[in-house]
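Asks: Quick one: the structure is below, questions incoming.
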């Protein structure tokens, strides 16, 4: 699978552009602020029906316009699929495959598997547990439709239970039967989510270690520790014990929506002791492991997006990463960078590539 052509209209800083892409390596080079990352965001949109930068679709419309369009022509199993995304202010977002609109956006997730490595990844380390749960959920949802449906159903049940708790707080009346219904829904969908998360982390760790060793020239042991209240007792007991607290707080304080993922190098917390370079290497290796995991599950290679990942990495680690991405282990790759050094390295490690010079915002010239 690969993206053959990308077309944009009024997307972020771009008026109208059409790009013919290499099935292997595509590198966008230019100064900061010219729109390199926006190109990657458009590709991300076509896989996940949303931006990885702006939560609101309206924030992705070019200034002074009222709509945007993104289209991609993909080669999938020797056939061309056209994916269309359109959004107009005040209207519903449209998502189509070969001119047929999806009834639900969730039906599209997983068709075009994708892994992105970006500066935003440091939020996995610095932010709260929600960011790390999103990482886990985002990976598993790409290859496991059942998991995605469980997750949607669990979040719906959680919203309903929280609404009931707020109602109890306002009126002081408890409808035990209704509360129990949503308790059972949380348990029904929460248990398999917990199980699938644990299995994913267990299977990811050895692959993660291999990539970290290669990039960092290190024998340090990396670790991912998934922690959940369900590690110690059944979900039924957890909800029962937290009920009085939930009545006071007026929201559900315990469950798989509170689970977390901790990062370690050796016995040391990545957040507390690692340098910026170590953190960057750790996150790149983690995302490459994610790629490998999805590839094995799908049977074909996801798209790989590398957004400004070489900042804070020395020349040696940069070369190691480019050796990896130029290998046949990966499929189609998109890289953004500001410097000339990547051009010289690519010439030495890649056989097939396109190098795009991005400038003047909506205009870019390319050469191969």
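Asks: Only one of these conditions is not met by residue 73: (1) more than 18 Å from residue 304 (Cα to Cα); (2) at pLDDT 95 or above. Which number is it?
Replies: (1)
Asks: Output the number of the condition that residue 145 fails; it satisfies all remaining conditions of (1) closer than 16 Å to residue 290 by Cβ; (2) in contact (Cβ under 8 Å) with a residue 12 or more places away in the chain.
Replies: Condition (1) is where residue 145 drops out.
The rows are residues; the columns are (1) in contact (Cβ under 8 Å) with a residue 40 or more places away in the chain; (2) assigned to a helix (DSSP H, G or I).
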| position | (1), (2) |
| --- | --- |
| 72 | yes, no |
| 82 | no, no |
| 86 | no, no |
| 91 | no, no |
| 95 | yes, no |
| 110 | no, no |
| 136 | yes, yes |
| 141 | no, yes |
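Asks: Among the residues of segment 267-278, are any out of contact with any helix residue (DSSP H, G or I) (no Cβ under 7 Å at 6 or more places or on another chain), part of a strand (DSSP E or B) and without any contact (Cβ under 8 Å) to a residue 24 or more places away in the chain?
Replies: Yes, that holds for at least one residue.
Asks: Mind checking which strands (runs of 3 or more DSSP E) fall wholly inside segment 282-368 and carry at least 3 residues that are at pLDDT below 70 and in the same structural domain as residue 74 (by TED's automatic domain parsing)?
Replies: 363-367
Residues checked against (1) crowded, with 19+ Cβ neighbours inside 10 Å; (2) within 30 Å of the chain's Cα centre (by Cα); (3) outside any strand (DSSP E or B); (4) in the same structural domain as residue 137 (by TED's automatic domain parsing):
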position	(1), (2), (3), (4)
233	no, no, yes, yes
236	no, no, yes, yes
240	no, no, yes, yes
246	yes, no, yes, yes
253	no, yes, yes, yes
257	no, yes, yes, yes
261	no, yes, no, yes
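The values are calculated or read from the model by the stated rules, or taken from the named source; none is laboratory data. In this text, all values refer to a predicted model and were calculated from it rather than measured experimentally. All Cβ positions, glycine included, derive from the backbone under ideal geometry; neighbour counts span all protein chains shown.
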